[in-house]
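The structure appears below as structure tokens.
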Amino acid sequence: MNLPAPGPFFNTPAQRTALARERFFEQGQRPTGIVGEAVIQSWTRCLAAGLAPQQRPEFEPVSRARMKAVLERGHTLLQAAAPEVDQLETLLAGTGCKTVLTDREGVVVRSTPAGGGAGELLDTLGRVGVYLGEPNFGSTAPGISVSVAQDCTVSGGEHFFGVLQHLYCAAAPVRDREGRVAGVLDVSVDGAPFGFDALAVVRMAVAGIENRLLAVQSAGDLLLRFQASPALLGTPLEGLAAVAADGRVAGLNAAGARLLAQPGASPGSDVEALFGLDLNALQRLLGARQPRPHRLPNGCSCGCALLGRPSPGAGMVASTAPGRRRRSRRRPPPLRRPAPCAPRATSWCTTRCSAAMATCPRRRACWACRAACCTGDCGAAPAAWRADADAARGRRANPFPARRPARMARRHAAPAAPSRFP
């Protein structure tokens, strides 16, 4: 391995990683303090599984049956993570990063396209149905998160296989309402380090996924929102607790567990012991238009709001005032088209159409109305008008004109005479 000239310090992360690989894989020493402890433990597990750093990982083909089974098994996770994954795709569109979502076993259930001219390696790793665990791809961020249920970053040479040393990835586990790992969210880039704090972006997205997953899994339970700052209610940083009908806490997210000083979710705890609120007090929160201040049994004050019982698949509600009634918007009645008037005249007038149409209130309804106007049947042109119009033109009215098509009648019509009637 080509290392720089000996010196008291290694200046770049790549030099420190190269030193750690030399000590671990060639000298058999534990490079404590040079790379993260999670990476060292992952290298140890990979060697125990019989993997070698110089070998290539197996890119197994994925059948349609396997893809269908993976998508069906991860339907709930996909439903909860869809808004955050879509937001990450828009946020990282110009960075060349690829977002990958796996289930609890490390099998890809969804990925976003990698823009910015990324290589084919990320597209191969992000196929639905590909297993990204340590036994298959060695030390990667999603593989380590699946194994130890912790968020981590793996940069460059920290990957176990040498062919993956140009990848940079950050991953964090997604937990369900009982605190178990339901999946892993990963952001990876090929060829260059991240230009931003990728792990912070992943953690924020994971918080939103966990909140929505808790709401989906708590259909029929009361969802209590609480946070030290009421302005954070309705955001991924809010605390959420699912309260069952018997008064026990059925689920608690990470933000709520930290605020209650509980190390992780504690399903089965009594809601009055954790929050100092009984079921009757919780029901009174349903009518509150604004979050109400409340002091927890641990002495911390927070703002509380109640979402009610969401229906299955409803997900999170964006409003922070659950008691506010929404006015129902009535749809306007459908517009009725005017029915065409039935013609009473059996012949077409070739000399009075223009003048009659000028006084007909329904002149644009149909061609039948024009024929009726020519005979005065619509009421706009009285019978006396026809005699005055004939006298003005100096011709005798013909009560039985020859029948002509409407096209020819318009073509050979005489110029209209001015009418005395408005």
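The values are calculated or read from the model by the stated rules, or taken from the named source; none is laboratory data. Keep in mind it's a predicted model, so treat the numbers as computed, not measured. Note that each Cβ is placed from the backbone with ideal geometry, even for glycine, and that neighbours are counted across all protein chains shown. Ligands, DNA and RNA are stripped out before the accessible areas are found, and what is left, the full protein with its side chains, is counted by its heavy atoms. Shrake-Rupley method; radii C 1.70, N 1.55, O 1.52, S 1.80 Å.
Side notes on the structure shown:
- Whether the stretch 33-183 is rounded, prolate or oblate, judged on the alpha carbon gyration tensor where a/c under 1.5 counts as rounded: rounded
- Label sites at Asp197 and Leu71, each approximated as a point 7 angstrom past Cα along Cα to Cβ, lie 3.7 nm apart.
- Per-residue extension of 0.36 nm, minus the Cα-Cα distance of Glu120 and Val163, leaves a gain of 14.2 nm for this segment.
- Summing Lys and Arg as +1 and Asp and Glu as -1 over all other residues whose Cβ lies under 14 Å from the Cβ of Leu260 gives a net charge of 0.
- Vicinal HN-Hα couplings computed from phi for the stretch 68-78 (Karplus, 6.51 cos²θ - 1.76 cosθ + 1.60; Hz; Gly/Pro x): 5, 5, 5, 5, 5, 5, x, 4, 5, 5, 5
- Shape call, the stretch 139-276: gyration tensor on alpha carbons, a/c limit 1.5: prolate
- Where the stretch 154-277 is the region considered: accessible area per residue in Å², 1.4 Å probe: 34
- For the residues Leu71, Leu214, a 1.4 Å probe over the protein chains yields an accessible-area ranking, largest first, of Leu71, Leu214.
- Leu19 accessible area, assembled protein chains, probe 1.4 Å, Å²: 30
- Cα gyration tensor, the stretch 17-110 - rounded (a/c under 1.5), prolate or oblate: prolate
- A 1.4 Å probe run over the protein chains yields, for the stretch 1-151, 53 Å² of accessible area per residue, whole-number rounding.
- Rounded Å value of the spacing that divides the Cα centres of the stretch 63-128 and the stretch 218-263: 28
- Efficiency of FRET between Ala245 and Val62 - r from beta-carbon atoms, R0 45 angstrom, step 0.05: 0.55
- For the pair Arg292 and Val148, label points projected 7 Å from Cα toward Cβ lie 4.5 nm apart.
- Using R0 = 60 Å, the C-beta based FRET efficiency linking Ala52 and Leu91 works out to 0.95.
- The accessible surface of the stretch 97-192, taken with every protein chain in place and a 1.4 Å probe, is 45 percent carbon and sulfur.
- Using C-alpha pairs below 8 Å separated by at least 6 residues, the relative contact order for the stretch 171-244 is 27 percent.
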